[in-house]
1. Taking 7 Å along the Cα-to-C-beta vector as the label spot, tell me the Thr51-Leu24 distance in nanometres, rounded to one decimal.
2. Provide the packing ranking of 15-21, 28-34, i.e. peptides ordered by the mean count of other C-beta atoms within 10 Å per residue, highest first.
3. Let me check I've understood the local charge: for Lys34, count other residues with C-beta under 12 angstrom from its C-beta, Lys and Arg +1, Asp and Glu -1. What total comes out?
4. Students often check this: by mean Cβ neighbours within 10 Å, which of 63-73, 46-56 ranks highest, and how do the rest follow?
Amino acid sequence: ATPSFVFFAVQWTMLFYQYSNTLLNAVIAREVYKLVEKSYRRMPRVRPPSTSRVYCQIAIVYAFASFMATWCIFPTSYSLITYSTSSVYNDGTTTPSVVGLGSKVFPTDATTLIIA
């Protein structure tokens, strides 16, 4: 049996949250650094980023996080995570589980560099 839609939806949500949270924190840190650097140099007027720039950064981060989360959950030879249904309970039912990082196309070392 193949893993269920609910399993993949939960995995996708967790990966999307992880990627988007990390990247949004990096974007915020960069913007704060730029503001602090300009104020340290005593620039006459330090303006925060415009609303359209912030929305553009958020859209890029969410698009990239969606791409990475989707790439990780596809159960294909080029996926970044290997899935299995080998976990069998006492009543004979199986449940999908993550076997590990890597696949036929991407070895474990390369996958660790991409995901981490």
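1. 1.8 nm
2. Packing proxy ranking, top to bottom: 15-21, 28-34.
3. Surrounding charge for Lys34 is +3.
4. Per-residue mean Cβ counts within 10 Å order the peptides as 63-73, 46-56.
Every read-out reported here was derived from the displayed coordinates using simple, explicitly stated rules and does not represent laboratory data. Predicted model only: the values in this text are computed from it and were never measured. Note: ideal-geometry Cβ built from the backbone for every residue, glycine included; neighbour counts use all protein chains shown.
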